[in-house]
């Protein structure tokens, strides 16, 4: 069966510090991969999605970036965090087929102080 | 206009009640529709897919009206454990794999 791992679960970082969140998927090949962010009490905002190694689509201009160095690895990064980057970051994967549901990792709760 | 709109609630209902959530979507090219459930401070989890013919899973019934671009979720005989936020989700259209999430409707079932 497929599983998705995301870490760390909780992170407190100072303003201006770098960020690296990692997500890996097991049990499937060539998954579609996604990074979403959820601000407190708000809906999910799609940040990036990827349909293959090195293929990244950015949805919202911001100081975040994403990379997919391996088929089942997706990384979210920032060179300098802002207070507004605080939120609940969720990695998800879906089948490479169209029109399928997505499955989420357990999320990283980031607080920028 | 938001791509997916939901009444944020909260819906406060007694145990055993029937409750209905509605959702509208703006992209007529959307082809896949889902309801997800999200517990407080947890990741969203798939509750059920929504098919054109409507579908039922135990106490949960989902309906889709493509002409009106409207999706509904009906929960019968509410349990305390149904308390959560329910997210309406649509894909972005032919060949577009990313999902768009509504902001969610919060349900609180009370004893």
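The values are calculated or read from the model by the stated rules, or taken from the named source; none is laboratory data. It should be emphasised that the depicted structure is a prediction, and the values quoted were computed from it without experimental measurement. Here the Cβ is made from the backbone with ideal geometry for all residues, glycine too, and neighbour counts use every protein chain on show.
Laid out as a table, the results:
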{"item": "Unmet criterion (only one of (1) under 18 Å from residue A:101 (Cβ atoms); (2) within 14 Å of chain A (Cβ to nearest Cβ); (3) surrounded by fewer than 19 Cβ atoms within 10 Å (Cβ to Cβ)) for residue B:60", "result": "(2)"}
{"item": "Strands (runs of 3 or more DSSP E) completely within the stretch A:10-113 that count 1 or more residues being surrounded by fewer than 16 Cβ atoms within 10 Å (Cβ to Cβ) and away from every other protein chain (no Cβ under 14 Å)", "result": "A:10-13, A:19-26, A:64-70, A:73-78"}
{"item": "Number of the condition not met by residue B:106 [criteria: (1) surrounded by fewer than 17 Cβ atoms within 10 Å (Cβ to Cβ); (2) under 11 Å from the mean Cα position of the chain (by Cα)]", "result": "(1)"}
{"item": "Qualifying positions in the stretch B:1-45 - in a strand (DSSP E or B), more than 10 Å from the chain's Cα centre (by Cα), loosely packed, with under 15 Cβ neighbours inside 10 Å and in contact (Cβ under 8 Å) with a residue 12 or more places away in the chain", "result": "B:12, B:14"}
{"item": "Verdict on residue B:44 being modelled with pLDDT under 95 and within 12 Å of another protein chain (Cβ to nearest Cβ)", "result": "no"}
{"item": "Residue in the stretch A:7-15 that is at pLDDT below 95 and on the phi > 0 side of the Ramachandran plot present", "result": "no"}
{"item": "Test for residue B:15: is it touching a helix residue (DSSP H, G or I) at 6+ places or on another chain (Cβ under 7 Å) and at negative phi", "result": "yes"}
{"item": "Single unsatisfied condition, residue B:67 versus (1) more than 9 Å from chain A (Cβ to nearest Cβ); (2) at pLDDT 90 or above; (3) in a loop (DSSP other than H, G, I, E, B); (4) buried (at least 20 other Cβ atoms within 10 Å of the Cβ)", "result": "(4)"}
